[in-house]
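Student: Take this structure first; my questions come after.
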Amino acid sequence: RELLPHLWNALPGNAGDPMLNAWILGWVSEAVVSQPLALWDAPIFHPHPNALAFSEHLMGIAVFVAPVYWLSGDAIFTYNVAFLLGFAFLGWAAFALTRAITGRADAAVVAGVLLMCSPYFVSSQVARLQMLSAGWSLLAFLGLHRWLERGSWPTIAAFAACWILQFKSNVYLGLFLS
C-alpha cells in the first residue's frame with residue numbers, strides 16, 4: 001500500500017538487496033539487447049571478468065520484466081513491478097498446485113492468499129525479490145504431480161522448464177528444489 005504511490009522513487013524493505021537487485025534487473029534488461037555477448041561482464045568487481053556470476057543474476061525474473069525497463073528506462077520502477085508481480089505469481093502458483101492436489105478452488109484460493117501474505121514473504125524476505133520466485137518450485141511440483149498422474153511428456157517438460165526458471169531466478173531455491 002505504501003509502495004504504490006512511490007513506484008518510481010522507493011524500494012520495499014531496505015536499500016541493500018533491493019537496490020542491488022534493481023540494478024541487476026536494469027543491467028540484464030539493457031545488456032541482453034545492447035551487448036548480449038558481454039552480459040556476464042557487468043561493470044562491477046573490476047577488473048574481474050564475468051562479474052555478474054558473483055551474484056544472483058535474476059535472469060528468470062528479468063526475462064519477464066525487461067519490457068518494463070525497455071519502456072521506462074527506470075530500474076527502480078522495473079524492480080517494483082517485478083516485486084508486485086512476484087507476490088501475484090507466488091499466490092497463483094500456490095493456487096494452481098493446491099487446486100491440482102485437492103480439486104477444490106476454495107482451498108486453492110485460501111492457500112494462495114496465505115502463502116502470498118505469509119510473514120516469511122511479507123517481512124523477513126521482503127528485501128529479497130528473488131525469494132518471490134519460489135512459485136517456480138511450486139509449479140515444478142505441479143508438473144511432477146501431473147506427470148505421476150498422466151505420465152505424459154509435456155508434464156515432465158513443464159517440470160523441467162519450471163526447474164530451469166527457478167535456477168535462473170534464484171540459485172539457492174533451484175538447489176533446494178533439486
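The values are calculated or read from the model by the stated rules, or taken from the named source; none is laboratory data. Quick caveat, the model's predicted, so the values are computed rather than measured. No Cβ is skipped: glycine too gets one built from the backbone with ideal geometry, and neighbour counts run over all protein chains shown. Protein only, heavy atoms only, side chains kept; ligands, DNA and RNA dropped before computing areas. Shrake-Rupley method; radii C 1.70, N 1.55, O 1.52, S 1.80 Å.
Student: Among the residues of the stretch 105-115, is there at least one that is touching a Lys or Arg at 6+ places or on another chain (Cβ under 7 Å), assigned to a helix (DSSP H, G or I), over 26 Å from Leu58 (Cα atoms) and modelled with pLDDT of 95 or more?
Tutor: Yes, that holds for at least one residue.
Student: Looking only at the stretch 61-93, how many residues end up being farther than 18 Å from Gly135 by Cα, in a helix (DSSP H, G or I) and open to solvent by 30 Å² or more (accessible area, probe 1.4 Å)?
Tutor: Residues meeting the conditions: 8.
Student: Now, a different point. Based on what the data block shows, is Ser72 over 22 Å from Cys162 (Cβ atoms) and of a type outside the set (D, E, K, R)?
Tutor: Yes, satisfied.
Student: Considering only the stretch 116-142, how many residues are modelled with pLDDT of 95 or more and among the hydroxyl-bearing types (Ser, Thr, Tyr)?
Tutor: Residues in the stretch 116-142 being modelled with pLDDT of 95 or more and among the hydroxyl-bearing types (Ser, Thr, Tyr): 1 in total.
Student: Give me the pairs: first residue in the stretch 25-53 and free of Cβ contacts under 8 Å to residues at least 24 places away in the same chain, second residue hydrophobic (A, V, I, L, M, F, W, C) and in a loop (DSSP other than H, G, I, E, B), beta-carbon distance under 7 Å, and six or more apart or on different chains, which are they?
Tutor: Listed pairs, sorted by first residue: Ala31/Leu39; Asn50/Trp40; Ala51/Ala42; Ala51/Ile44; Ala51/Phe45; Ala53/Trp40.
Student: Right, something else. Would you point out which residue out of Phe64, Phe87, Phe83 is at pLDDT 95 or above and under 17 Å from Trp136 (Cβ atoms)?
Tutor: Criteria check complete, one pass: Phe64.
Student: Another question, if that's okay. Need the failing condition index for Pro154 against (1) in contact with a Ser or Thr (Cβ under 8 Å, 6 or more places away or on another chain); (2) over 23 Å from Trp23 (Cα atoms), just the number.
Tutor: The one condition Pro154 does not meet is (1).
Student: Working only within the stretch 117-153, note down all residues that are of a type in the set (Gly, Ala, Ser), assigned to a helix (DSSP H, G or I) and touching a residue at least 40 places away in the same chain (Cβ under 8 Å).
Tutor: Correct list: Ser133, Ala134, Gly135, Ser137.
Student: In the stretch 143-166, which residues are of a type in the set (Phe, Trp, Tyr), within 28 Å of His57 (Cα to Cα) and at pLDDT below 95?
Tutor: Within the stretch 143-166, none qualify.
Student: Just the residues that are outside any loop (DSSP other than H, G, I, E, B), open to solvent by 20 Å² or more (accessible area, probe 1.4 Å) and of a type in the set (Ser, Thr, Tyr), please, taken from the stretch 1-60.
Tutor: Result: Ser34, single match.
Student: In the stretch 94-107, how many residues are surrounded by 14 or more Cβ atoms within 10 Å (Cβ to Cβ) and more than 21 Å from the chain's Cα centre (by Cα)?
Tutor: Going through the stretch 94-107 one residue at a time, the tally reaches 4.
Student: Another question, then. How many residues are in contact with a helix residue (DSSP H, G or I) (Cβ under 9 Å, 6 or more places away or on another chain) and loosely packed, with under 14 Cβ neighbours inside 10 Å when one looks only at the stretch 108-121?
Tutor: Selection size over the stretch 108-121: 4.
Student: Would you confirm, using the coordinates I've provided, whether Ala160 is in contact with a helix residue (DSSP H, G or I) (Cβ under 7 Å, 6 or more places away or on another chain) and either surrounded by fewer than 18 Cβ atoms within 10 Å (Cβ to Cβ) or closer than 18 Å to Leu85 by Cα (or both)?
Tutor: no
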